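Before any comments, here is the structure.
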Amino acid sequence: MTDGKFTPATVALILDRDEGRCWWCGIYVLNGTRGFDWSIHHRCPRGMGGTSEPFVGAASNGIVLCGNGTQGCHGEFEDDRDRALDLGILVHRIAAFRREENRPIHIPICDRDGRAWKLTDDGEKKPADTEQENTPCPSPISASWGVRST
């Protein structure tokens, strides 16, 4: 994990946790091609040239999104980074590198049904205590994009 890429074992954990579906719209993606039809999105970006920080390649930092960064849900979140930050889909890179508590393992992520989750490095998701963490998710989320049939 020295460059922040996800290892094959970490990819398997993420795919299993997300049940082979896009985190946001729920479409099953494993019949498609990785890097085109779906991708593993880094919640805290690696940055150009990668990174030596192990948390960037951890399962808590990855989610399955349909598309490839320019299309699908991945593309939509890349185009609307403020919304992605609000939902925990994206985590502030500088803040995460400076302070442990700002890393993805500590930042709740919303799903499209308005539930908040904590993602773990061992490939699990656990309900987040939104009142304690002051991170309410809109419920239910009405998206003008990212709505697909499953």
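The values are calculated or read from the model by the stated rules, or taken from the named source; none is laboratory data. Quick caveat: nothing in here was measured; it's all calculated off a predicted structure. Ideal geometry is used to build each Cβ from the backbone, glycine not excepted, and the neighbour counts take in all protein chains shown.
A single entry from Asp82, Asp121 fulfils the requirement of being in a loop (DSSP other than H, G, I, E, B), under 22 Å from His42 (Cβ atoms) and at pLDDT 80 or above: Asp121. Which residue is nearest to the chain's Cα centre (by Cα), if the candidates are limited to region 3-33 and must be among the acidic types (Asp, Glu) and outside any helix (DSSP H, G or I)? Only one residue tops the list, namely Asp18.
Comparison of Asn68, Asn134 shows that the only residue that is of a type in the set (S, T, N, Q) and at pLDDT below 90 is Asn134. A single entry from Gly88, Gly49, Gly57 fulfils the requirement of being farther than 19 Å from Lys125 by Cα, at pLDDT below 95 and of a type in the set (Gly, Ala, Ser): Gly49. Cβ-Cβ distances below 8 Å connect the following pairs, each with a first residue in region 62-83 that is touching a residue at least 24 places away in the same chain (Cβ under 8 Å), a second residue that is of a type in the set (Asp, Glu), and a separation of six or more residues or different chains: Ile63/Asp18; Val64/Asp18; Cys66/Asp37; Gly67/Asp37; Gly67/Glu76; Asn68/Asp37; Gly69/Glu78; Gly72/Asp37.
Listed residues Ile27, Ile107; which is of a type in the set (Val, Ile, Thr) and either more than 21 Å from Asp129 (Cβ to Cβ) or in contact with a helix residue (DSSP H, G or I) (Cβ under 7 Å, 6 or more places away or on another chain) (or both)? None of the others qualify; the one that does is Ile27.
Which members of region 85-101 meet the condition of being free of Cβ contacts under 8 Å to residues at least 60 places away in the same chain and closer than 15 Å to His41 by Cα? So that I can check it myself, show each step before the final result.
Applying the first criterion (free of Cβ contacts under 8 Å to residues at least 60 places away in the same chain) to region 85-101 yields 85-88, 90-101.
Residues satisfying the conditions are Leu85, Leu87, Gly88, Leu90, Val91, His92, Arg93.
Arg98 fulfils the conditions (1) out of contact with any Ser or Thr (no Cβ under 9 Å at 6 or more places or on another chain); (2) surrounded by fewer than 15 Cβ atoms within 10 Å (Cβ to Cβ); (3) modelled with pLDDT of 90 or more except for a single criterion, (3).
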